[in-house]
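> Let me begin by handing over the structure; questions about it come next.
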Amino acid sequence: MSARIALYWAPELDDPLHALGSAWLGRDAETGATLPQPAVPGLDLHEITAEARGYGLHATLKAPFRFDAPYGDLRDAAMALAARTRPFALPPLAPVDLGGFIALREAVASAALNAFADACVAGLDHFRLPPTEAEYARRRPERLTPRQREMLDRWGYHYVFAEWMFHVTLTRRVSEAERAVLLPAIEAHFGAALARPRFVRALCLFTQAAPGAPFLVAERLPLLG
C-alpha cells in the first residue's frame, strides 16, 4: 500500500522529445538509466531538475495515488479507458514560466487533451486510497482557492478538471536570474523537437515502488478508440 501509480502522458520512444527531455532531466523513466545532462553556464542543472527527475519526463493526467486493489484490476480499467479513446493530435509545445517553474506547455488549447485528462481523473478514482494526513498537508490546502480545496477533498488532487493544465515540468521553482539563463538553454536544447507534429497514442502508467523511489514507466496502453 506504499506503492503509487500515476496516469501520465509521455512522448513515444521514437519521438526526439523523449531522448532530449530525458537528457535534460538526467534520467530515462523508461529504463531507469542515469543520463548525462547538458551544461548550462553558471547553473547546476542537476540540482535544478532534481525533483522533476524523480517523476520522470511526463505530463500529469491523474496525479500519483496509493491503491490497495490488485494491480491487474487497475491496469484492466486503464486499458478499457484507453481502448475507448481515439488518438488525437498534440499541439506544438513551448517552454513557459508556470508559477515560477519552467515547463513545456501546448501552444493552443486542445479539447481532446482536456477530455482525456478528465476521463483519467474520474475513470480510475475508485482505486485511489484517500491521502494520508502528511500527503494532504503537502498540498498546502491553506494556500488553495475554495474551488481547488473542494477538488483536493473530492479527488485527492487540486489541479483537475477546470483547474488542470497540461505541462511537462523541467525545473524546480527558479529565480528571475536563473529563468533568464534557462529559457534560452531549453529552447536551444530541444530545438525543432518542440514544434514537431505528434499524436497522443497511449496512456502511460508510471509506478513508484516506495516513497522517495523514482517513478518508472510500467506500461504504455495504446489508445484504440
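> Charges at C-beta only: +1 for Lys and Arg, -1 for Asp and Glu. How large is the resulting dipole of the stretch 89-143 about its Cα centre, in Debye rounded to 20?
Details: 6 positive and 7 negative charges, 22 e Å.
Roughly 100 debye, rounded to the nearest 20.
> Relative contact order (percent) for the stretch 4-222, with alpha-carbon contacts under 8 angstrom and 6 or more residues of separation? Intermediate results must be reported in sequence, preceding the final value.
Values: 357 pairs, mean separation 72.5, N = 219.
Dividing the mean separation by the residue count of the stretch 4-222 yields 33 percent.
> Now for a separate question. With charges only on Cβ, +1 for K and R and -1 for D and E, what is the dipole size of the stretch 4-222 about its Cα centre, in debye, rounded to 20? Could the numbers behind the result be given before it?
Numbers: 24 positive and 25 negative charges, 65 e Å.
Around 320 debye, computed over the stretch 4-222.
> Could you rank the peptides 63-75, 116-128 by their average count of other C-beta atoms within 10 Å per residue, with the highest value first? Write out the running numbers ahead of the final one.
On the way: 63-75: 15.1, 116-128: 18.8.
Top of the packing list down: 116-128, 63-75.
> Going by alpha carbons, how many degrees (0 to 90, nearest 10) lie between the helix axis of 146-155 and the longest principal axis of the chain?
Relative to the chain, helix 146-155 is tipped by roughly 60 degrees.
> To test your reading of the geometry: what angle, between 0 and 90 degrees and rounded to tens, separates the Cα axis of helix 16-25 from the longest principal axis of the chain?
With both axes taken from Cα atoms, the answer is about 80 degrees.
> If one computes the Cα centroid of the stretch 56-93 and of the stretch 11-40, what distance in Å separates the two points?
21
> Angle between the Cα long axis of helix 111-123 and the longest principal axis of the chain, 0 to 90 degrees, nearest 10?
Computed tilt is about 50 degrees.
> Expressed in whole Å with the largest first, what are the equivalent ellipsoid semi-axes of the stretch 4-222 derived from the C-alpha gyration tensor as the square root of 5 times each eigenvalue?
Calculated on Cα positions only, the semi-axes equal 27, 20, 18 Å.
> Over all alpha-carbon pairs of the stretch 96-225, lay out the pair-distance distribution in 10 Å bins, whole %, shortest bin first.
The calculated distribution, bin by bin, is 9, 30, 40, 19, 1.
> Of the candidates G56, G156, G99, which one comes out as most mobile in a Gaussian network treatment of the chain with C-alpha springs shorter than 10 Å?
G99
Each reported figure results from applying straightforward, stated rules to the coordinates on display, with no laboratory input. Predicted model, so just to flag it, every value in this text is computed and none were measured. Please note: Cβ atoms are built from the backbone with ideal geometry, for glycine as well, and neighbour counts cover all protein chains shown.
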